[in-house]
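As structure tokens, the structure follows; a few thoughts come after it.
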Amino acid sequence: MKLRHGSTLTHIVTATTLDSYKREHFESDIISTVEFNYSGELLATGDKGGRVVIFQHEQESKNRPHLRGEYNVYSTFQSHEPEFDYLKSLEIEEKINKIRWLPQQNAAHFLLSTNDKTIKLWKISERDKRAEGYNLKDEDGRLRDPFRITSLRVPVLMPMDLMVEASPRRIFANAHTYHINSISVNSDHETYLSADDLRINLWHLEITDRSFNIVDIKPANMEELTEVITAAECHPHQCNVFVYSSSKGTIRLCDMRAAALCDRHSKFFEEPEDPSSRSFFSEIISSISDVKFSHSGRYMMTRDYLSVKVWDLNMENRPVETYQVHEYLRSKLCSLYENDCIFDKFECCWNGSDSAIMTGSYNNFFRMFDRNTRRDITLEASRESSKPRATLKPRKVSTGGKRKKDEISVDSLDFNKKILHTAWHPKDNVIAVAATNNLYIFQDKIN
């Protein structure tokens with residue numbers, strides 16, 4: 001994707017489908033995850049209220065050829081409810097931490113959703129016909145008197161209004177002591193990983209009452225704990241390989257063929273720290289908040305607080321590419337620590353061809369980097385700047401001195417407006433950006 005200034009992306013649809021302009025902003029409406037399915041036809045979002053909203057790509061219209069199709073609400077359902085752990089006197093939030101789609105095998109769609117403790121497998125299916133002409137019950141569902149039945153009828157299927165149903169098919173519970181931060185479907189499409197702060201489990205999609213613990217970094221004495229697992233993901237092509245990142249800024253690649261418990265990694269990725277730049281905040285900002293394999297499986301991308309790094313799986317000692325997301329915040333780390341923003345967990349994503357990457361920032365800004373040209377762009381997702389079918393203008397942040405007309409001062413950035421969750425269509429240049437309780441979908445400009 002070429003990132004041409006001022007003409008990269010065009011806005012198709014704002015979040016009015018999720019959140020009307022007049023509605024108040026509630027904590028439960030904040031979007032906590034965004035995920036396209038394998039074809040890109042469906043887009044799922046999860047929120048802090050435990051709801052999952054699925055959008056469907058509408059086919060291109062002859063009347064509006066300038067649009068490749070909009071995303072409209074397809075299904076909404078309550079995935080998780082708040083719970084209480086009586087043994088630990090602990091409230092379990094309903095917030096959806098992650099959603100992962102399974103590859104489509106038939107007419108129905110399947111997805112995994114998780115909160116802090118429980119993972120659920122959901123089936124989303126369509127129904128546009130209903131059976132009529134039962135022998136033992138009337139049309140309104142009441143049972144008929146068997147002695148009044150004088151003839152047998154063959155029930156027939158009659159057309160009805162399309163109904164989209166979401167039903168839980170499996171519930172995977174009671175396997176994590178700590179909060180689940182990642183789930184990842186394996187390339188064999190039969191198993192998946194779930195990771196919390198100290199352990200990673202391997203599940204079979206058909207078996208709910210047991211999982212295999214494949215990573216356990218919990219020390220015998222919790223006072224000796226020095227790092228936690230922050231994210232984990234399966235390799236896109238090799239079902240025996242997975243990676244997990246840590247709060248120390250390291251990534252471990254493990255091979256499940258080596259041992260049942262992968263406590264010894266196969267590869268260890270870490271960039272040596274420059275001693276001259278070390279500060280009180282070094283360890284906090286080096287913590288990795290997200291790790292993603294490229295679609296090709298050759299590279300992986302990690303996001304820490306200030307940068308995105310691309311690693312070649314064949315080179316462990318340093319990343320092959322480093323992109324600064326908001327380096328201008330380095331001088332603001334003290335105030336970001338005081339308001340807890342320094343602990344924000346930003347996600348990152350690849351485009352379909354692995355030639356560009358995207359991640360979020362503050363002030364509703366999101367950053368895109370072209371790996372071929374090494375050009376980058378900052379765009380803003382907001383109702384004020386994003387009118388339907390209007391070209392997004394690049395934004396620039398002024399770090400000091402004389403500020404130009406179109407620039408925004410680093411001191412006037414709104415740290416309450418943050419884009420933590422983004423997703424890129426697996427085939428087209430269509431992106432989804434979650435800005436608090438609003439969902440924005442942008443597409444490549446069509447000349």
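Considering only residues in segment 406-447 that are charged (D, E, K, R) and assigned to a strand (DSSP E or B), the one that is surrounded by the fewest Cβ atoms within 10 Å (Cβ to Cβ) turns out to be Glu407.
Residues considered: Ser282, Ser307, Ser287. Of these, the only one that is open to solvent by less than 60 Å² (accessible area, probe 1.4 Å) and in contact (Cβ under 8 Å) with a residue 24 or more places away in the chain is Ser287.
All told, Asn213 falls short of being over 20 Å from Thr33 (Cα atoms), part of a strand (DSSP E or B), under 21 Å from the mean Cα position of the chain (by Cα) and not hydrophobic (A, V, I, L, M, F, W, C). In the set (1) touching a Phe, Trp or Tyr at 6+ places or on another chain (Cβ under 9 Å); (2) open to solvent by less than 30 Å² (accessible area, probe 1.4 Å), the condition left unmet by Cys348 is number (1). Scanning segment 183-210 for residues that are open to solvent by 50 Å² or more (accessible area, probe 1.4 Å) and in a strand (DSSP E or B) returns Arg199, His204. Within segment 310-341, being surrounded by 19 or more Cβ atoms within 10 Å (Cβ to Cβ) and closer than 27 Å to Asn364 by Cβ holds for Val310, Tyr323, Val325, His326, Leu329, Leu333, Leu336. Strands (runs of 3 or more DSSP E) fully within segment 326-405 that include at least 3 residues being within 22 Å of the chain's Cα centre (by Cα): 348-350, 356-360, 365-370, 376-380. Which residue pairs have Cβ atoms under 9 Å apart, sit 6 or more places apart or on different chains, and have a first residue in segment 311-339 that is in contact (Cβ under 8 Å) with a residue 24 or more places away in the chain and a second that is in a helix (DSSP H, G or I) and acidic (Asp, Glu)? Cβ pairs passing all conditions: Lys332/Asp411.
All conditions in (1) over 17 Å from Gly46 (Cβ atoms); (2) at pLDDT 85 or above hold for Asp145, with the sole exception of (2). Consider Tyr71 carefully, then state whether it is more than 17 Å from Asp47 (Cα to Cα) and open to solvent by less than 50 Å² (accessible area, probe 1.4 Å). For Tyr71, the condition - more than 17 Å from Asp47 (Cα to Cα) and open to solvent by less than 50 Å² (accessible area, probe 1.4 Å) - is met. Comparison of Thr399, Thr422, Thr378 shows that the only residue that is in contact with a strand residue (DSSP E or B) (Cβ under 6 Å, 6 or more places away or on another chain) and in contact (Cβ under 8 Å) with a residue 40 or more places away in the chain is Thr422. Within segment 79-94, residues that are more than 17 Å from Phe172 (Cβ to Cβ) sit with their Cβ atoms under 6 Å from residues that are open to solvent by 90 Å² or more (accessible area, probe 1.4 Å) and at pLDDT 85 or above, at 6+ positions apart or across chains, in these pairs: Phe84/Glu91. Would you be able to say whether some residue in segment 13-28 is at pLDDT 95 or above and open to solvent by less than 30 Å² (accessible area, probe 1.4 Å)? Checked segment 13-28: no residue is at pLDDT 95 or above and open to solvent by less than 30 Å² (accessible area, probe 1.4 Å).
Flag not set for Leu261, criterion: part of a strand (DSSP E or B) and either open to solvent by 20 Å² or more (accessible area, probe 1.4 Å) or farther than 19 Å from Leu225 by Cα (or both). Scanning segment 219-240 for residues that are in a strand (DSSP E or B) and touching a Lys or Arg at 6+ places or on another chain (Cβ under 9 Å), we see that the one that is nearest to Tyr299 (Cα to Cα) is Glu233.
The values are calculated or read from the model by the stated rules, or taken from the named source; none is laboratory data. Bear in mind the structure is a predicted one, so any value in this text is a computation, not a measurement. We place every Cβ from the backbone using ideal geometry, glycine too, and count neighbours over all the protein chains shown. The protein model used for the area step is the full one, side chains on, heavy atoms only, and it has no ligands, DNA or RNA in it. Shrake-Rupley method; radii C 1.70, N 1.55, O 1.52, S 1.80 Å.
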